[in-house]
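Worksheet: one structure, shown below.
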Amino acid sequence: MRKLLIALLSIYAAQLHAEPLKIGVSVADLGNPFFAILADAVGNAARTMHPGDVTLEVRSSAYDLERQVRQLDAFTEERMDIIVLAAANSEAIGPAVQRAQQAGIVVAAVDINAQGADVTVTTDNVQAGEVACDYMVERLGRTGRVAIINGAPVSSVTDRVAGCRSVLNHHPRIKLLSDDHNGGGTYSGGLEAMTYLISAHPDLDAVFAINDPSAMGAANAARLAGQTHLFIVSVDGSPEGITALQEDPSLLIATAAQSPRQMAETAVRESLKHLAATGQPKSQVIRLPTRLVTRETAKQFGHWDRAPTE
């Protein structure tokens, strides 16, 4: 009993004297539910894992490299302990990452790779594109005309498209009509991209969109054009996407679900380990698998804001 009491008092004393933790977050688009939930989860995870006070500053880069560089340099000047970022440009952000590290800051890349980051935690985006497009191909009976609504030239998007294309390449009776139209990862961009695709390819059978917002914009464009015979698959598993899957009729029929909360928790946990480490710990890359959610399984999946039910 005496040893237990001493241990508890030691933990309590350590908590009283724990240093404040300062975290700067720079993500691509806070209007996208994925990034909003991810940023919120970073703060919640840090407050759970760190015994002292936590200060969180969140910024949106809007996929603007120069803007994000200014944000990271500001975080560096403020002497943050950890910077969590979804890079606007995986390679070009490297010098800003290095400046932060030279100031003793741990840099964690989430969702999108960032050159030189101490910790990288992303969805396995190649696998996400594969499972979504494999489902699309099977629903088409392995024959048909398809298109890809692309997005910003960042690793998460290019990997999803690469995964999808790898599946399509194994099916000679699937004809890829377009894969270079950039929907910007937004609802309005998806609507515009699909409007163009329907006009250029009225015989289109199915579409892979790189995320749920662009997929839902694409679905609305198809409805407005009376093209309700086609269907759409995507990546995200967002609350809005899961709701859209259950609409009747729904043109969005499947989404490869990510986990922004798991991504945030993993990034914070590994970053704290790097802060506590002696010497120079090795950089690490962690890829989180997705799972496909369809109309039939949507009710059992849950949402990002709560644990999925198996």
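Computed from the coordinates by the stated procedures, all read-outs in this text should not be read as laboratory data. Just so it is clear, the structure is predicted and the values come from calculations on it, not from any experiment. Glycine also receives a Cβ, built like all others from the backbone with ideal geometry; neighbour counts cover every protein chain displayed.
Report note on the peptides 145-154, 28-37, 228-237: ranked by the mean count of other C-beta atoms within 10 Å, highest first, their order is 228-237, 145-154, 28-37.
What the phi angles of segment 112-117 give under the Karplus curve with 6.51, -1.76 and 1.60, with θ = phi - 60°, is a coupling list of 10, 4, 9, 4, x, 4 Hz, glycine and proline written as x.
Annotation: amide H-H contacts under 5 Å for Q258 (H modelled 1.01 Å from N, sequence separation of 5 or more, or interchain): D236, G237. Annotation note: GluC sites (Glu not before Pro) in segment 21-89 located in DSSP loop regions with a Cβ neighbour count of at most 14 within 10 Å are E78.
Sorted on the mean count of surrounding Cβ atoms within 10 Å across their residues, most packed first, peptides 102-108, 156-162, 84-90 read 84-90, 156-162, 102-108.
Given a Förster radius of 41 Å and the C-beta distance between Q227 and D64 as r, what FRET efficiency does 1/(1 + (r/R0)^6) yield to the nearest 0.05? Computed FRET efficiency for Q227 and D64: 0.75. Sorted into 10 angstrom bins from 0, the C-alpha pair distances of the chain split as 6, 27, 30, 20, 11, 4, 1, 0 percent. Spacing of the modelled spin labels on R173 and E240, each 7 Å from Cα toward Cβ, amounts to 3.7 nm. For segment 127-139, putting each phi into the Karplus relation 6.51 cos²θ - 1.76 cosθ + 1.60 with θ = phi - 60° gives couplings of 4, 4, x, 5, 5, 5, 7, 5, 5, 4, 4, 5, 5 Hz, in residue order, rounded to whole numbers and with x for Gly and Pro. The distance between label points at A276 and D73 comes to 3.5 nm (points 7 Å beyond Cα on the Cα→Cβ vector). All distinct Cα pairs of segment 24-120 go into the 1/r average, and the inverse of that average, the Kirkwood radius, is 13.1 Å.
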